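The values are calculated or read from the model by the stated rules, or taken from the named source; none is laboratory data. This is a predicted model, so every value here is computed, not measured. Backbone-built Cβ (ideal geometry, glycine too); neighbour counts: all protein chains shown. For accessibility, only protein heavy atoms count, side chains too; no ligands or nucleic acids. Shrake-Rupley method; radii C 1.70, N 1.55, O 1.52, S 1.80 Å.
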Amino acid sequence: MGTSMELDGKVAIVTGGGSGLGRASAQALAAAGARVAVGDVDDAGAAETVELITGADGAAFAHHVDVSVAAECEALVQATVDTYGGVHVLHNNAGVAWPGRDGFAPDMDPATWDRIIAINLSGTFYCCHFAIPEMVLAGGGSIINTASSMAHLPLGGLDGYAASKGGIALLTKSMSPSAGRSGIRVNAISPGYVDTPMNQMIWGNDAVKHAFDLGHATGLQDAEEIADIVVFLASDASRSLTGAVLNCDRGWTAFKQPDLLREF
Ligand SMILES: NC(=O)c1ccc[n+]([C@@H]2O[C@H](COP(=O)([O-])OP(=O)(O)OC[C@H]3O[C@@H](n4cnc5c(N)ncnc54)[C@H](O)[C@@H]3O)[C@@H](O)[C@H]2O)c1
């Protein structure tokens, strides 16, 4: 018998929980028994996620956070402790990709670079900074950071995004030995291309969608399958994993991409 992936009694924070992968993760963590703090800069999206969870008899509350602001990350962690008594799981998921604004280094406004790094990379650091002491008090925990296939195999032309995700992958590895001393595991997920609002430029165009479909060994991904991996990483079933950056990308980074992709 394997170890259960149940999270009864656990408290989880999901940033960017108002949409896409974060919403699916918050729902899956709650379905596994965790009480969930849904942090997002989009209050309506976060409230909708909470409704979905409570409507399915789960426990969750919404909290406004801009993860690029350290004090707001601190307030999210404090609100979670005040509401549920501690923190055991942190899914750092909030992130932005701005094709068109982000680009090749000489063409990109430095302010765009700063903002992408502030949200994706610094936001991940800030939430770890404030949540880890609470996990220590709780006797241990699990952090799941959200990197990307682009941390391993950039498409090119999204230099800010790729650099932010590469930074998250290395931050994950670098934190793991120190965190491990307190019973805290730190892993990252690197999805391929998932059907979320972030990827409407892919899903909204049949030819582009077909090319991306061919680039994944077993076809395109949905948010729920990534959420299953988050629950696994949050649970003791993954106790052997820390400092891991998991390519959960249906093979996107495992083989040479079809030439068709070069057209886009
Ligand atoms: N969709 C994919 O294919 C894919 C692949 C690899 C990695 N990712 C990563 O997964 C994460 C979620 O992506 P998604 O596809 O669900 O995108 P999404 O746009 O659907 O959701 C992102 C969420 O983050 C929130 N957010 C944005 N900026 C924020 C900020 N400053 N503070 C707090 N919340 C903020 C948004 O309001 C939104 O609710 C991102 O980190 C993204 O880079 C996505």
### Query
Within region 13-25, is there a residue that is of a type in the set (A, V, I, L, M, F, W, C), assigned to a helix (DSSP H, G or I) and over 24 Å from residue 132 (Cα atoms)?
no
### Message
Where the second residue is small (Gly, Ala, Ser) and more than 10 Å from the ligand (Cβ to nearest atom) and the first is over 13 Å from residue 159 (Cβ atoms) and lies in region 114-129, which pairs have Cβ atoms under 7 Å and are six or more apart or on separate chains?
### Response
121/167; 126/70
### Task
Determine whether residue 70 is open to solvent by 20 Å² or more (accessible area, probe 1.4 Å), in contact (Cβ under 8 Å) with a residue 12 or more places away in the chain, touching a His at 6+ places or on another chain (Cβ under 8 Å) and within 18 Å of residue 145 (Cα to Cα).
yes
### Query
Looking only at region 81-105, which residues are out of contact with any Gly (no Cβ under 8 Å at 6 or more places or on another chain) and closer than 17 Å to residue 61 by Cα?
81, 82, 83, 84, 85, 86
### Message
If I ask for residues that are part of a loop (DSSP other than H, G, I, E, B), under 20 Å from the mean Cα position of the chain (by Cα) and among the β-branched types (Val, Ile, Thr), which ones from region 167-221 would you list?
### Response
196
### Summary
Scanning region 164-194 for residues that are crowded, with 18+ Cβ neighbours inside 10 Å and charged (D, E, K, R), the one nearest to residue 237 (Cα to Cα) turns out to be 185
